[in-house]
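*Asks:* Before I ask anything, here is the structure I am working with.
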Amino acid sequence: MAVKKLLIALTIGSVGLLVAQDLAWSQTLPKVKVGTVRATTIGAVVAAKEKGYFKEAGIDVDIELIDASAAFVPALATNALNVVEGGVSASLFNGILQGLPIKSAFDSTSTPINHYLMRRPDLAEKYKSIKDLKGAVVAVNAPSSIALYEVTKLLETEGLSIKDVEVKVIPFAQMGIAFQTKAIEVGLQITPFASTLEQQGIATRWISSDRTLRPTPVQISTSMYNTDWAAQNPKVAQAFFTQLLRGARDYCNAYHGGSYRPELLKLLVANGVAPSTDILDKILWPARNPDGHVFKESMTDVLKWYVGQGLVRSEIPIDQVVNDQFAAEAVKQLGAFKLENTSSELGGCGRPQP
C-alpha cells in the first residue's frame, strides 16, 4: 500500500511539474496576438498553432476570432492585436493615410475565392442578369468593405453602379434570415454560407465573383500587422510569418485533398467555421497563396475603386500598403511549395488558375 501511495504521489508530482513547465513556457516566450474572422482560410493559422509550428519557433500565439474584419484598425493600430487576417477594406488604406502603424504582409484569401452573388429563389424570373438589378436590395457584410467592391465590380460589368441598388449591411451569418424575411433580394456570400443557404433552399448561387472580377488573382483578404510591433520585435514577427506560411501550405494541401484534410476539417469545425465536417468537405474552399505574397495588381485596383467611391481620400504607392519582405524570407527558409496530391484538378493554392 505504501508503494502504491508513493507511485501516485510521484505521478501527481510529475503532472504538476509538466503543468508548471507549460505555464512557464507560455509566460516566458514572446506572445503574438492574432485576430481573424471565422472563415475557411483561418485553417492556416489554427493549423500552425495546433501542429506546434509556433511553439517550435519559440513564440506563443493567441488567436482571437473577430466578427467584422473592416473594424480591425483600432485594435491593430493600438497593438491590442499584433496581426489581423481580414478583408482589404477602406479602413486599411485610410489608416495608412492617417499615419497609423499598419501594413499588409501576407495573402490570406485570393482567387479562387468562391464568393457568389446569391438570389432569392422566388426572384429567378425577375432578376435574370445583372442589368436587371436596378433598384434591387443587395446585402454586403460590412460597410466600406471588400464585399462592396465585389458587388460594385459585378454591377459595372453590365453598366450599373452601386448607386443603382439599395445596399443593406448584414453579417454573413445573418443573411439567411434576411433572405427568409424578404428583407433582401440579393446578397454576396462566402464559403460555407453560400452552400448552406442553397442546400436549405433559402437562396441560390447566381453569379460567381471568380468568373467575373478582374484583375485576377483577386486579393480580398490579407494578414495585416502593426509595424511598430514588428520593428521592435523583428525576429518574432518573421518567426510568426514563416510558421504561418507553413500553416498556409498545410491548408493548401488540404484544399487539394491531401492527407491533412480530415484533420483540418475537424479543426475548422471546432473553430465554428461550419457545423459539421461533412458540410465543409463537400464545398469549395477559397484559396491562399502558398508563397505568401500579396497580389499587388489586385490591391491597387481595390484602392483605386475605394478612392473613386470617395471612401478613401487619395491613392498611395502600393509599397506603402504592402511589405513583401516577410513572405520573401519565409519562402527562402522553407523552400518551394510541394503539392502532395498532384492529381488535384482544382486551380489556386499553388496550382494554375482555371
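No value in this document is a laboratory result; all are computed from the given coordinates. This structure is a prediction, so every number in the text was calculated from the model and none was measured. Don't worry about glycine lacking a Cβ; one is built from the backbone with ideal geometry, like all the others, and counts go over all protein chains shown.
*Asks:* Which residue fluctuates most in the GNM of the chain (Cα springs below 10 Å): V294, V269, V88?
*Replies:* With Cα springs under 10 Å in the chain, the top fluctuation among V294, V269, V88 is at V269.
*Asks:* Beyond 24 Å, what share of the Cα-Cα pairs of segment 116-212 is found? Please give it as a whole percent.
*Replies:* Considering segment 116-212, 8 percent of its Cα-Cα pairs are separated by more than 24 Å.
*Asks:* Hey, another quick one. State, in angstrom, two size descriptors of segment 27-92 derived from its alpha carbons: Rg to one decimal place and Dmax to the nearest whole number.
*Replies:* 12.3, 37
*Asks:* Same structure, new question: For a quick check: with amide H placed at 1.01 Å from N, whose amide H comes under 5 Å from N141's, ignoring anything fewer than 5 positions away on the same chain?
*Replies:* I170
*Asks:* Scan around C349 for amide H atoms under 5 Å from its own, H built in the peptide plane at 1.01 Å from N, and keep only partners 5 or more places away or cross-chain.
*Replies:* Here the answer is R288, since their amide H atoms fall under 5 Å of that of C349.
*Asks:* Mind checking which lysines have their Cα closer than 19 Å to the Cα of K235? Skip sequence neighbours fewer than 8 apart in that chain.
*Replies:* Partners within reach: K31, K33, K49, K55, K103, K332.
*Asks:* In square nanometres and to one decimal, what's the mean projected area of the convex hull around the Cα atoms of segment 253-354?
*Replies:* Reported value for the Cα convex hull: 9.0 nm².
*Asks:* Using Cα-only point scatterers and the Debye equation, what is log10 of I(q)/I(0) for the chain at each q in 0.07, 0.09, 0.11 Å⁻¹, rounded to two decimals?
*Replies:* For the chain, the Cα-only Debye profile gives -0.32, -0.51, -0.74.
*Asks:* Take W285, W206 and order them by how many other Cβ atoms sit within 10 Å, fewest up front.
*Replies:* Ordered from fewest to most neighbouring Cβ atoms within 10 Å, W285, W206 come out as W206, W285.
*Asks:* Take the Cα atoms of segment 94-143, find their three principal axes, and give me the spread along each one in whole Å, biggest first.
*Replies:* So the three principal-axis extents are 49, 25, 17 Å.
*Asks:* Setting aside same-chain residues fewer than 8 positions from K131, which aspartates and glutamates have a Cα under 16 Å from its Cα?
*Replies:* The reachable aspartates and glutamates, counting only those whose Cα sits under 16 Å from K131, are E150, E156, E158, D164, E166, E185.
*Asks:* Give me log10 I(q)/I(0) at q = 0.15 Å⁻¹ for segment 211-299, Debye formula, one equal scatterer per alpha-carbon, no solvent.
*Replies:* Those come out to -0.75, one per q.
*Asks:* Whole-Hz ³J(HN,Hα) for each residue in segment 182-198, computed from phi via Karplus 6.51 cos²θ - 1.76 cosθ + 1.60 with θ = phi - 60°, x for glycine and proline: what do you get?
*Replies:* Each residue of segment 182-198 in turn: 6, 6, 10, 10, 9, x, 8, 10, 10, 6, x, 4, 4, 5, 5, 4, 5 Hz.
*Asks:* For the chain, what is the mean residue ellipticity at 222 nm derived from helices alone (per DSSP H run of n ≥ 4: -39500 (n - 2.57); sum divided by total residues; nearest 500 deg cm²/dmol)?
*Replies:* -12000 deg cm²/dmol
*Asks:* Need the list of lysines near K282 for cross-linking: C-alpha distance under 16 angstrom, and skip anything on the same chain fewer than eight residues off.
*Replies:* Output for K282: K266.
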